[in-house]
Amino acid sequence: MNTRTELRDALTRCPLVAILRGITPAEVEAVGEALVEAGFSMIEVPLNSPDPFDSIARLVARLGTRALVGAGTVLTTDDVARLAATGARLAISPNTDPVVIAASAAAGLIALPGYFTPTEAFAALAAGATGLKLFPAEAGSPAVIRAHRAVLFRDVPILAVGGMTPDTMRVTGSGSAPRSTARASRPQRWASRHGGSWRRSPRALPPWIRARSASARPGRVRPAACPRSAPAGGRSHPPPSFPAAGGWW
């Protein structure tokens with residue numbers, strides 16, 4: 001199976017990506033299990049989270065046969081090499097770096113670089129991108145996505161990240177949208193009702209996430225506050241706010 005087919009199969013099962021920003025290795029398995037049980041087929045751990053490669057390796061070991069697991073904020077070829085060593089499948093970036101994209105493709109990873117213009121989109125695809133991540137999506141509009149769709153190859157998946165709401169998920173015209181909320185899976189229905197992402201408060205999490213994650217930390221799902229100072233590797237840890245969701249157009 002090639003990487004684009006692998007990606008499309010996962011998006012067909014659930015056209016949302018769970019982004020576990022700020023999660024720690026100690027709780028990642030329980031949260032990942034809850035997400036997969038709820039129907040998610042793609043899970044991302046951003047590399048500016050605490051000990052991200054440990055978290056990714058744990059998710060791969062536990063869920064690798066049931067979901068595509070990978071990293072966000074993949075910025076260097078060293079990130080790509082470390083990610084590939086965990087057995088992960090997703091290499092997701094906020095930017096269009098042809099060197100990183102080519103390294104991801106060479107490693108057999110599903111490369112999803114960030115882009116915002118058609119020029120960046122075509123540069124990413126020429127470098128070997130599997131799909132594209134429109135970022136930040138809230139800075140554009142459904143009309144922008146339709147315009148991109150008019151010139152991009154029809155078999156290229158576009159994942160919009162940032163500002164996901166029920167209205168922005170209902171794209172019409174030349175862009176194809178995720179399933180309507182009436183026919184959506186459980187995570188899609190919840191994301192549509194709540195703006196496409198979970199907030200930091202555990203009370204804002206859907207009850208089926210809280211219940212299935214209770215084994216990690218009774219009564220809580222969010223991680224402890226992460227330090228804001230940059231670690232030895234130079235990355236800063238943002239405050240915890242997971243999972244967020246990216247959607248497929």
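No value in this document is a laboratory result; all are computed from the given coordinates. Just so it is clear, the structure is predicted and the values come from calculations on it, not from any experiment. Reconstructed Cβ throughout: ideal geometry from the backbone, glycine too, with neighbour counts over all protein chains shown.
On the basis of the beta-carbon distance and an R0 of 22 Å, Arg66 and Asp155 show a calculated FRET efficiency of 0.30.
Rounded to whole numbers, the Karplus 3J(HN,Hα) couplings from phi for the range 87-97 are x, 5, 10, 9, 10, 10, 10, x, 9, 10, 10 Hz, using 6.51 cos²θ - 1.76 cosθ + 1.60 with θ = phi - 60°, and x at Gly and Pro. With θ taken as phi - 60° and the Karplus curve 6.51 cos²θ - 1.76 cosθ + 1.60 applied, the whole-hertz 3J(HN,Hα) list for the range 136-151 is x, 5, 5, 7, x, 7, x, 5, 5, 5, 5, 5, 5, 4, 5, 10 Hz, x standing for glycine and proline. Amide H contacts of Met42: Ala18, Leu68, each under 5 Å away and 5 or more positions distant or on a separate chain (H built 1.01 Å from N in the peptide plane; Pro and chain starts excluded). Among Arg149, Arg154, sorting on how many other beta-carbon atoms sit within 10 Å of each Cβ, with the fewest leading, yields Arg154, Arg149. At full extension, Met1 and Ala107 could sit 36.7 nm farther apart than now, given 0.36 nm per residue minus the alpha carbon distance. Residue-wise HN-Hα couplings along the range 99-110, as the Karplus relation 6.51 cos²θ - 1.76 cosθ + 1.60 with θ = phi - 60° gives them from phi, are 5, 5, 4, 5, 5, 5, 5, 5, 7, x, 8, 7 Hz; Gly and Pro carry x.
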